[in-house]
Amino acid sequence: MRPSGSVVLTISGAGVPREAQFDMAMLAALPQHSFTTRTPWYPSARKFTGPLLRDVLGAAAAQGKEIEAIAINDYKVNIPIEDAQQRNLIVARLLDDKPMSLRDKGPLFIIYPFDSDESLRNSVYYSRAAWQLKALRVK
């Protein structure tokens with residue numbers, strides 16, 4: 001499948017036969033998941049919706065031990081592949097059922113279900129929640 005709209009996410013690296021590009025329609029076509037969680041960045045709990053990170057990686061045939069998430073502002077963070085496999089991380093494309101603007105940490109935001117497990121509510125996992133996501137490199 002090839003993007004017909006603007007590319008919002010590029011995946012490269014281990015297992016990816018050639019660079020995988022996604023537009024919003026392609027991400028919306030994957031199974032969608034939602035949860036509401038509190039975060040350090042918003043004053044109250046917010047609802048996040050999008051495909052699971054593991055489904056996005058699967059669509060790109062990506063395999064590896066670690067994911068480097070890269071934001072539009074070139075923020076980079078490494079996420080262990082186990083996080084994507086064992087937890088329901090979402091590549092959020094909607095915030096409270098609306099598309100996210102750049103100003104509101106969009107258009108894509110890797111978000112952990114912080115309220116589902118108290119052990120996620122710390123700086124290690126908060127730092128892995130990459131907003132303004134533009135690329136994933138699998139290592």
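Just so it is clear, none of the values below were taken in a lab; they were calculated from the coordinates. It should be emphasised that the depicted structure is a prediction, and the values quoted were computed from it without experimental measurement. Every residue, glycine as well, gets a Cβ built from its backbone with ideal geometry; the counts of neighbours run over all protein chains shown.
Here are some notes:
- Among 43, 80, 107, the residue with the largest mean-square fluctuation in a Gaussian network model of the chain, with springs joining Cα atoms closer than 10 Å, is 43.
- Note on segment 1-64: with charges restricted to the Cβ of Lys and Arg (+1) and Asp and Glu (-1), its dipole about the Cα centre is near 200 debye.
- Estimated dipole of segment 7-138 in Debye, rounded to 20 [Cβ of Lys and Arg +1, of Asp and Glu -1, Cα centre]: 180 debye
- Hits among lysines - C-alpha to C-alpha of residue 98 under 22 Å, sequence gap 8 or more where chains match: 47, 134
- Residue 116 paired with residue 47, simple spin-label distance in nm, labels 7 Å along Cα-to-beta-carbon: 1.7 nm
- Under the simplified labelling scheme, the residue 12-residue 36 pair shows an inter-label distance of 4.1 nm, with each label point 7 Å from Cα along Cα→Cβ.
- Neighbourhood charge, 14 Å Cβ-Cβ cut-off, centred on residue 95 and excluding it, Lys, Arg +1 and Asp, Glu -1: +4
- Max mean-square fluctuation residue, GNM over the chain, Cα-Cα springs under 10 Å, options 29, 59, 69: 29
- Global size of the chain as Cα Rg and Dmax, reported in angstrom: 13.7, 42
- Cα centroid of segment 9-57 to Cα centroid of segment 71-128, whole Å: 8 Å
- Computed from point charges on the beta carbon alone (+1 for Lys and Arg, -1 for Asp and Glu), the dipole magnitude for segment 54-101 about its Cα centre is near 60 Debye.
- Working note: 222 nm ellipticity from helices only, DSSP H runs with n ≥ 4, each -39,500 (n - 2.57), summed and divided by the residues of the chain, gives -4000 deg cm²/dmol to the nearest 500.
- Charge dipole (segment 53-139, unit charges on Cβ, about Cα centre) - positive-most of 61, 127, 112: 61
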